[in-house]
Amino acid sequence: DTGVSQDPRHKITKRGQNVTFRCDPISEHNRLYWYRQTLGQGPEFLTYFQNEAQLEKSRLLSDRFSAERPKGSFSTLEIQRTEQGDSAMYLCASSLEIRTGGTEAFFGQGTRLTVV
Amino acid sequence: AQTVTQSQPEMSVQEAETVTLSCTYDTSENNYYLFWYKQPPSRQMILVIRQEAYKQQNATENRFSVNFQKAAKSFSLKISDSQLGDTAMYFCAFMKQWGNTPLVFGKGTRLSVIA
């Protein structure tokens with residue numbers, strides 16, 4: 001296992017189209033996070049999963065966004081009816097939650113979305 | 001809610017010199033972790049160093065060290081003997097030790113190492 005992988009690396013879509021991104025976390029990690037990062041800014045939290053359960057969603061995650069993590073393995077983030085404001089880098093990270101507390105998150109290379 | 005503040009949007013340092021990046025945070029928690037992440041241009045984010053709040057000793061990783069002041073809620077990163085490869089965005093991040101909470105990031109500091 002070489003780390004967190006994200007697919008695709010780049011996506012260009014027309015406004016109004018739907019897009020789906022995939023994240024494969026480090027295999028033993030039970031937590032999976034989605035963040036959005038715009039140019040020159042820090043990552044903004046979108047949502048995260050503990051195993052297959054979606055535990056928290058940011059208010060940034062409008063009704064057009066949905067995330068799943070079936071069977072607690074890979075995760076998908078779908079954006080419906082994309083808008084130009086959705087253009088950003090979408091980062092996935094995973095970590096291991098253990099009985100003594102959480103551990104550091106490992107990040108994927110991100111999916112850069114451009115909505116034209 | 002926790003917040004992380006990085007007050008230096010950009011910094012530069014001469015190669016081989018030392019630079020310190022600042023970070024402050026706000027929390028009512030007593031048990032938490034603090035991190036510095038590095039994001040080189042067009043590359044993925046990687047962990048630089050981690051500090052557990054219950055540890056009084058400052059974390060060190062080779063040329064990277066932190067100055068953790070729990071009472072002041074300050075967590076600065078010192079990079080010694082700066083190298084050109086240290087050029088990157090640096091993000092300070094906070095995470096509660098317990099509970100269902102994600103990492104909270106600051107807005108980052110863009111560090112340029114000049115030859």
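Here's the list of lysines a cross-link from B:K107 could span, going by alpha-carbon distance under 26 Å and ignoring same-chain residues fewer than 8 apart: A:K11, A:K57, B:K38, B:K55, B:K70, B:K73, B:K78, B:K96. Relative intensity of chain B on a log10 scale, I(q)/I(0) at q = 0.20, 0.22 Å⁻¹, equals -1.05, -1.24, per a Debye sum over C-alpha point scatterers of equal strength in the absence of solvent.
Dividing the convex hull volume of the alpha carbon atoms of the stretch A:56-99 by its residue count gives 102 Å³ per residue.
Given DSSP loops and a limit of at most 15 other Cβ atoms within 10 Å, what is the longest stretch of chain A that contains no such trypsin sites (Lys or Arg not before Pro)? The answer is A:16-58.
Pairs of Cα atoms in the protein assembly as shown fall into 5 Å distance bins, from 0 up to the last occupied one, in shares of 1, 7, 14, 18, 18, 17, 12, 8, 4, 1, 0 percent.
Averaged across A:37-48, how many Cβ atoms of other chains sit within 10 Å of each residue's Cβ atom?
On the way: counts 6, 0, 0, 6, 6, 14, 12, 3, 5, 1, 1, 4.
So the per-residue partner count for this stretch is 5.
Throughout, read-outs are computed from the coordinates displayed, never taken from laboratory work. Because the structure is predicted, anything quoted here is derived from the model rather than measured. Cβ: placed from backbone, ideal geometry, glycine included. Neighbour counts: every protein chain shown.
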